[in-house]
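Participant: Input: one structure, supplied below.
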Amino acid sequence: MPTSDLIVIGGGIVGLATAYKFQLRFPGSSVILLEKEPDLASHQTGRNSGVLHSGIYYKPGSLKAKNCREGKQAMEAFCRNEGVPYDICGKVIVALSDEELPRLQGIYERGQANGVRCEVIERGRLLELEPHVAGIRALHVPETGIVNYSMVCERLAARIKEAGGEIKLGTCARRFRSDGPRTIVETLSGDFAARQVVNCAGLYSDHVAALTGEKPPAKIIPFRGEYFELKLEAEHLVRNLIYPVPDPAFPFLGVHFTRMIAGGVECGPNAVLAFAREGYFKTTINPSELAESLTYPGFLRLAAKYWRMGAGEMWRSVSKGAFVRALSRLVPEIDASQLTPAPAGVRAQALLPDGSLVDDFLIETHGNVVNVLNAPSPAATSALTIGDSVVERLAAGRG
């Protein structure tokens with residue numbers, strides 16, 4: 001039976017960053033990373049929009065705010081050292097009406113509290129940055145950037161292997177058991193033993209935590225984000241990143257425009273309940289997972305609170321015209337003929353039984369297992385500092 005100092009479950013960017021940081025903290029340590037898919041970064045990481053977030057939205061003092069600010073710097077340094085292309089292109093957050101101006105000011109104040117370089121700009125300056133955008137005022141955040149997180153994962157994997165770590169693809173953790181000071185992880189590919197385990201299973205993080213004996217405080221509810229991409233002839237309508245002022249009555253950002261590091265402009269997403277945890281298509285249904293979501297008290301309370309907005313998201317999911325109307329509020333020249341469908345993503349959102357979304361990163365320790373139970377955006381930006389946080393917990397448990 002292969003035995004190591006650490007087993008990491010999950011080959012997304014947070015799992016890879018954790019293994020990488022563990023090896024840096026404890027040189028010569030043995031690490032095995034288990035990924036159930038045949039490739040790394042197959043889910044949230046590989047379907048990420050590729051934004052290097054500035055940390056402007058997050059509550060000052062929160063794990064999101066702290067990790068995003070420090071994580072962005074660490075990610076940029078890693079990309080420079082590893083030759084991963086990135087671009088600090090900036091973004092604008094656009095107020096479309098007088099009603100949105102106080103919320104725009106509130107975001108600016110959060111940005112200032114978090115140390116984000118940003119400024120409120122009037123329409124003249126906004127049109128210099130984004131000539132085709134609507135809006136009466138905006139917040140310019142010049143330090144926001146874009147990157148290819150799948151390429152970051154490739155580099156992390158290479159460094160893990162160079163340091164002696166192993167990456168086992170197509171290897172799904174199915175059961176855990178204790179064997180003295182070790183934890184045995186059972187898989188169809190054999191059993192693996194380690195002194196410590198980290199659960200970075202993303203969409204299945206709560207299920208894996210339950211297998212370790214922990215009772216997770218929140219359940220993962222999958223929300224599918226559906227996107228379009230601008231056709232080549234329409235790409236000139238968006239120079240960089242264009243975001244709306246978030247609606248405080250709704251827990252998601254709303255549709256926006258993102259220039260991609262490899263070229264092209266992504267438009268979206270909407271946010272609808274996925275009928276499977278890996279439900280990237282409307283037709284993908286996992287009956288047991290769907291029943292798990294629909295019978296969870298937290299989801300029922302969330303749906304009751306936001307049913308009207310949820311209905312709008314569902315309508316945009318089936319109506320391209322409705323989706324285009326939402327996009328055209330920010331860029332009026334957009335029309336349906338300029339859009340082509342793009343791959344969807346699924347967000348693993350931790351939801352409490354009272355119906356509230358877990359708004360911050362959630363990491364808990366259970367014996368010699370560390371469970372990363374909620375790591376939504378900006379987790380990719382923050383991955384290296386999240387890895388540091390997890391390794392600190394592991395270090396404390398090593399005695």
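Only the coordinates and a few stated rules stand behind these numbers; no lab work does. Note that the coordinates shown come from a computational prediction; the quantities given were computed from them, not determined experimentally. Reconstructed Cβ throughout: ideal geometry from the backbone, glycine too, with neighbour counts over all protein chains shown.
Participant: Kindly give Rg over Rh for the chain, based on alpha-carbon atoms, with the Kirkwood expression for the hydrodynamic radius.
Facilitator: Ratio value, two decimals: 0.97.
Participant: For Ile220, Ile9, which order do you get if you count the other beta carbons within 10 Å of each Cβ and list the fewest first?
Facilitator: Ile220, Ile9
Participant: Okay, moving on. I want to verify a result. In a Gaussian network model of the chain, Cα cutoff 10 Å, which of these has the top mean-square fluctuation: Tyr306, Tyr243, Tyr296?
Facilitator: With Cα springs under 10 Å in the chain, the top fluctuation among Tyr306, Tyr243, Tyr296 is at Tyr306.
Participant: Could you grab the relative contact order for segment 91-142? Cα pairs under 8 Å, six or more apart, rounded to a whole percent.
Facilitator: In percent, rounded to a whole number, it is 53.
Participant: Using the basic label-point model (7 angstrom from Cα toward the beta carbon), what is the Glu333 to Asp87 distance in nanometres?
Facilitator: With each label placed 7 Å out from Cα toward Cβ, I get 1.8 nm.
Participant: For Thr45, list long-range residues whose amide hydrogen, built 1.01 Å from N in the peptide plane, is under 5 Å from its own amide hydrogen.
Facilitator: For Thr45, whose amide H was placed from the backbone, the distant partners under 5 Å are Ile13.
Participant: Would you list, by chain and number, the aspartates and glutamates whose Cα falls below 13 Å from the Cα of Lys21, excluding same-chain residues fewer than 8 positions away?
Facilitator: Partners within reach: Asp388, Glu392.
Participant: Quick check: the distance between the Cα centres of segment 291-355 and segment 202-240, to the nearest angstrom?
Facilitator: 12 Å
Participant: Exposure proxy check: Ser288, Ser389, Ser293, Ser337 ranked by fewest other beta carbons within 10 Å?
Facilitator: So the ranking, lowest neighbour count to highest, is Ser288, Ser337, Ser389, Ser293.
Participant: Report, by chain and number, residues whose modeled amide H sits under 5 Å from the one on Ala95, excluding near sequence neighbours (fewer than 5 apart, same chain).
Facilitator: Hits under the 5 Å cutoff: Ile136, Arg137, Ala138, Leu139.
Participant: For segment 196-205, just list the computed ³J(HN,Hα) in residue order, Karplus coefficients 6.51, -1.76 and 1.60, θ = phi - 60°, integers in Hz, with x standing in for Gly and Pro.
Facilitator: Residue by residue, segment 196-205 yields 9, 9, 10, 9, 10, 8, x, 4, 10, 4 Hz.
Participant: Using the Karplus equation 6.51 cos²θ - 1.76 cosθ + 1.60 (θ = phi - 60°), what ³J(HN,Hα) coupling, rounded to whole Hz, does each residue of segment 185-190 give in order, writing x for Gly and Pro?
Facilitator: In residue order, the calculated couplings are 9, 8, 9, 5, 8, x Hz.
Participant: While we're looking at this one, here's another question. Report, in cubic angstrom per residue, the convex hull volume of the C-alpha atoms of segment 242-303.
Facilitator: It is 104 Å³ per residue.
Participant: Can you bin segment 91-142 into rounded, prolate or oblate? Criterion: square roots of the alpha carbon gyration tensor eigenvalues sorted a ≥ b ≥ c, rounded for a/c under 1.5, prolate for a/b above b/c, oblate for the rest.
Facilitator: Taking the square roots of the gyration eigenvalues as a ≥ b ≥ c, segment 91-142 is oblate.
Participant: Just Ala95, Ala342, Ala383 to compare: in a GNM of the chain, with alpha carbon springs under 10 Å, which one fluctuates most?
Facilitator: Sorting by GNM fluctuation, first place goes to Ala342.
Participant: Can you tell me the relative contact order of the chain? Whole percent, Cα pairs under 8 Å, sequence separation 6 or more.
Facilitator: Dividing the mean separation by the residue count of the chain yields 24 percent.
Participant: Still on this structure: Can you give the extra length, in nm with one decimal, that the chain gains between Thr3 and Ser62 once fully stretched, where that is 0.36 nm per residue apart less the Cα-Cα distance?
Facilitator: 17.6 nm
Participant: Still on this structure, I have one more. Can you pull the three principal axis extents for the Cα set of segment 108-247, in Å, largest first?
Facilitator: So the extents along the principal axes, rounded to whole Å, are 67, 34, 30.
Participant: Long-range amide H contacts for Ile167: which residues qualify at under 5 Å (H placed 1.01 Å from N, peptide plane, sequence gap of 5 or more or a different chain)?
Facilitator: Residues meeting the criterion, in which the H sits 1.01 Å from N, are Leu33.
Participant: Give me the number: length gained by fully extending Arg125 to Arg80, i.e. 0.36 nm times residue separation minus the C-alpha to C-alpha distance, one decimal in nm.
Facilitator: The Arg125-Arg80 span can extend by a further 13.1 nm.
Participant: If I build a Gaussian network model for the chain, linking alpha-carbon pairs within less than 10 angstrom, which residue out of Gly71, Gly355, Gly111 has the largest mean-square fluctuation?
Facilitator: Of Gly71, Gly355, Gly111, the Gaussian network model singles out Gly355 as fluctuating most.
Participant: When a footprinting reagent is the concern and you count Cβ atoms within 10 Å, what order do Lys66, Lys305, Lys21 take, fewest first?
Facilitator: Lys305, Lys66, Lys21
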